[in-house]
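Taking it in order: structure first as structure tokens, then the write-up.
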Amino acid sequence: MTDPANESDRQQREPEGVAPRPSRRALLGWGGAGLALGAAAAGGTVAALRSGTEAVPAGMSGAAVPFHGAHQAGIASAVQDRLHFAAFDVTTKDRAALVRLLKDWTRAAERMTAGLPVGEGAVGGLPEAPPDDTGEALGLKPNRLTLTIGFGPGLFAKDRFGLEDRRPEALVDLEQFPGDNLDPARSGGDLCVQACADDPQVAVHAIRQLARIGFGKTAMRWSQLGFGKTSSTTPDQQTPRNMMGFKDGTRNISGTDTAALDRHVWVGGGDGADWMTGGSYLVARRIRMHIETWDRTPLQEQEDIFGRDKAEGAPVGKPKEHDAPFLKAMKPDAHVRLAHPDSNDGATILRRGYSFTDGTDGLGRLDAGLFFLAYQRDVRKGFVRIQRALSKNDSLNEYIQHVGSAVFAVPPGVRDTDDWWGRTLFV
């Protein structure tokens, strides 16, 4: 029987218009959370969760980004300031347990992106049981939190979950590019979750909850914290700078350019794997920058390497940042020239990277750089095509090294409260 005093407190903690959550005694732990939280997400919360991946203006501090839609949020959505990215190995061998996990993760993601605690929250439950939420995000707004899931090649391996015939051709195992020095401990993964928010505690809290819910079925393989977005999907905003001091993402795909997104980012109905229609493919690369060497490089040489001036971000010979670049005016090994679609048969990707600093490397050098995230319609025609050109000829390679790598199939969005992450793959 519900304690009237506790019930009153719980209703006061819920935002106005949100249906009261079910009793903890009715949930019986996370084993029944999929059904119980499906009901909890109904009512007034649905309005905050519905509508897909419309870009929320960057100035709307604390706002919630809609969770439901044809595409997952966190791809074309306005890029937030903070990142916590995590890759997981699936430890269970039971397909039904994996499906149950994805459903539980979806219900938790619905609540967290709306600014609500997981389950019955961090307080007010049974004193004898661990709370459903760890509580470090109590009192914090959603801060434009988005959670985006992806499936790695290992999930489709033979004799695992019966998905070997469902692996898309576009989900290729990335080749070893010249100059790569990949750390297996920072590469790969069966599942990934990209948490982006304007508050680092909100992003970290989200990954922590999903890891906790997945205990016994998944194990975190590696993770990466990021700050200071290095690309933008809102070109009307100030272009961010990377750790080398240069503006990054000047000609990135806009989150409101539906034609470009359909052409270069979203998987179409005739692209092979029907279950991926409306999804995308993600390449994640941890790129270490040799900061100390770069900092001793003359300004003119830095600008020649990028093919842009450092102050304005304008391409060589042009006065403004967004002026169309004249590639032949740049040096043959300039980064912008080699990465440009005109140099790569039109290959275009949506970048969503972040800077990182992870202490020092034991030799007094800063372990810092770019956590590169790129979404595309086909990995072979996007990242692979561009990286082949960059890895062989880019003058920037003297100052960077790719040390981590992963590729994921990012399924379409969750349509409503009856849908769940990856449903199209498993049914």
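Read-outs throughout are calculated quantities, based only on the coordinates presented, and are distinct from any laboratory measurement. Note that the structure is a prediction, hence the values are computed from the model and not measured. Backbone-built Cβ (ideal geometry, glycine too); neighbour counts: all protein chains shown.
Structure remark: mean-square fluctuation, Gaussian network model of the chain, C-alpha springs under 10 Å; the largest value among Ala129, Ala87, Ala170 belongs to Ala129.
With the simple model of a label 7 Å out from the Cα in the direction of the Cβ, Asp173 to Gln238 spans 4.5 nm.
Let me know the whole percent of all Cα-Cα pairs from region 65-154 that are separated by more than 16 Å. More than 16 Å apart: 64 percent of the Cα pairs in region 65-154. Principal-axis analysis of the Cα atoms of the chain puts helix 200-213 at an angle of about 60° to the longest axis. With a Förster radius of 22 Å applied to the C-beta separation of Arg296 and Ser343, the computed FRET efficiency comes to 0.15. Charging the Cβ of each Asp and Glu at -1 and of each Lys and Arg at +1, and nothing else, the dipole of the chain about its Cα centre rounds to 400 debye. Short to long, the 10 Å bins of the Cα pair-distance histogram for the chain hold 4, 22, 31, 24, 12, 5, 1, 0 percent of all pairs. What is the calculated FRET efficiency for Lys93 to Ala211, with r their C-beta to C-beta distance and R₀ = 22 Å, to the nearest 0.05? With R0 = 22 Å, the Cβ-Cβ based efficiency is 0.70.
Percent of C-alpha pairs per 10 Å bin in region 315-385, short distances first: 17, 32, 33, 17, 1. With R₀ fixed at 45 Å, the C-beta to C-beta distance from Leu140 to Lys328 puts the FRET efficiency at about 0.35. Ordered by the number of other Cβ atoms lying within 10 Å of each residue's own Cβ, fewest first, Met330, Met243 fall into the sequence Met243, Met330.
Extension gain for Asp361-Asp418 works out to 15.8 nm (0.36 nm per residue, less the C-alpha to C-alpha distance). Within straight-line reach of Lys103, meaning a Cα separation under 15 Å, sit the following aspartates and glutamates at least 8 residues removed in sequence or on another chain: Asp94, Asp416, Asp418, Asp419. Annotation: extensible slack from Ala389 through Phe227 equals 55.5 nm (criterion: 0.36 nm per residue apart, minus Cα-Cα distance).
When the helices of the chain are scored as -39500 (n - 2.57) per DSSP H run of n ≥ 4 and the total is divided over every residue, the value at 222 nm lands at -6500 deg cm²/dmol.
Cross-link check: pairs Lys320/Lys381; Lys310/Lys381; Lys247/Lys331; Lys229/Lys328 evaluated at a Cα-Cα cut-off of 27 Å; pairs beyond the cut-off: Lys320/Lys381; Lys310/Lys381; Lys229/Lys328. Projected label points at Arg263 and Glu321, each 7 Å from Cα along the beta carbon direction, are separated by 2.3 nanometres. Taking every alpha carbon pair in region 197-343, what does the distance histogram look like in 10 angstrom bins from 0, in percent? It works out to 9, 27, 32, 23, 9, 1, in whole percents.
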